[in-house]
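K.L.:
One structure is given below, represented as structure tokens, and several questions about it will come after.
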Amino acid sequence: MKFVLNQEDVKSLSEDQQSAIFDALVAAAWADGNVSQAEMARFEAEVVKVPWGKDEQTLIKMVHASRDRVGQLKDKDGVLAFIKNIADRVPSQTVREKILYMMGVIMFSDRQLSDAEKNVVAAFAQAFGISKERFDLIGAEVRGN
């Protein structure tokens, strides 16, 4: 699958960039205000696919840290600043597209997207500079998964 983070992608990422990816994935899971069983299962499945080169305890700590950061977001301005910060920390367009794909797969795990989830994924796509054509392609891949 062309939108899956692979070893080449990960080995070029700093710790901070990897943390930004976790922030984005946790934001996807929490986009509608709660995490369904389907979203949690898909989140875990997506995270373990990636060759992070870290032990399970480290990954769990990264997820918890991201969850805490997402939990501190209180308003639209805070959310938009959070998303911009992630985009600033992950400059690779290829990795950005793969993050958006993973986010979409997590959000669409229950086969529907709430308005909140649509807004979050659209805000990430904009911050990541992803064109409508690429966004539509990524969405088609998500729906086909």
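K.L.:
Please determine, by comparing only the residues of the stretch 103-128 that are hydrophobic (A, V, I, L, M, F, W, C) and touching a Gly at 6+ places or on another chain (Cβ under 8 Å), which one is surrounded by the fewest Cβ atoms within 10 Å (Cβ to Cβ).
P.N.:
Top of the filtered list is ALA116.
K.L.:
Among the residues that make up the stretch 15-27, is at least one of them of a type outside the set (A, V, I, L, M, F, W, C), part of a helix (DSSP H, G or I) and in contact with a Phe, Trp or Tyr (Cβ under 8 Å, 6 or more places away or on another chain)?
P.N.:
Yes.
K.L.:
Shifting gears a bit: Pull out all pairs, ordered by first then second residue, where Cβ-Cβ is under 7 Å, the residues are six or more apart or on different chains, the first lies in the stretch 15-29 and is in contact (Cβ under 8 Å) with a residue 12 or more places away in the chain, and the second is aromatic (Phe, Trp, Tyr) and in a helix (DSSP H, G or I).
P.N.:
Partner pairs satisfying both residue conditions: ALA24/PHE124; LEU25/PHE43; ALA29/PHE43.
K.L.:
Which ones in the stretch 74-99 are surrounded by fewer than 17 Cβ atoms within 10 Å (Cβ to Cβ) and free of Cβ contacts under 8 Å to residues at least 40 places away in the same chain?
P.N.:
Within the stretch 74-99, LYS74, ASP75, LYS76, ASP77, GLY78, ALA81, ASP88, PRO91, GLN93 qualify.
K.L.:
Something else: Tell me yes or no: at least one residue of the stretch 72-80 is modelled with pLDDT of 90 or more and either touching an Asp or Glu at 6+ places or on another chain (Cβ under 9 Å) or of a type in the set (Ser, Thr, Tyr) (or both).
P.N.:
no
K.L.:
Can you tell me which residue within the stretch 1-15, out of those that are within 25 Å of GLY144 (Cα to Cα) and not acidic (Asp, Glu), is modelled with the lowest pLDDT?
P.N.:
Step by step, filter the stretch 1-15, then rank; the result is MET1.
K.L.:
Next question. Test ASN34 against the criterion of being among the polar types (S, T, N, Q) and either exposed (fewer than 12 other Cβ atoms within 10 Å of the Cβ) or at pLDDT 95 or above (or both), and give yes or no.
P.N.:
yes
K.L.:
Just name the residue that is surrounded by the most Cβ atoms within 10 Å (Cβ to Cβ) out of those in the stretch 9-29 that are of a type in the set (D, E, K, R) and over 11 Å from LYS98 (Cβ atoms).
P.N.:
ASP23
K.L.:
Give the stretch 118-133 a look and list any residue that's part of a loop (DSSP other than H, G, I, E, B) and among the small types (Gly, Ala, Ser), or say none.
P.N.:
Across the stretch 118-133, the qualifying residues are GLY129, SER131.
K.L.:
Residue check: is PHE108 under 19 Å from ARG134 (Cα atoms) and touching a residue at least 12 places away in the same chain (Cβ under 8 Å)?
P.N.:
For PHE108, the condition - under 19 Å from ARG134 (Cα atoms) and touching a residue at least 12 places away in the same chain (Cβ under 8 Å) - is met.
K.L.:
Output the helices (runs of 4 or more DSSP H) that fall wholly within the stretch 44-117 and possess 1 or more residues being more than 15 Å from the chain's Cα centre (by Cα) and over 25 Å from LYS2 (Cα atoms), or say none.
P.N.:
56-71, 76-89
The values are calculated or read from the model by the stated rules, or taken from the named source; none is laboratory data. Fair warning: this is a prediction, and the values are worked out from it, not measured in the lab. Here the Cβ is made from the backbone with ideal geometry for all residues, glycine too, and neighbour counts use every protein chain on show.
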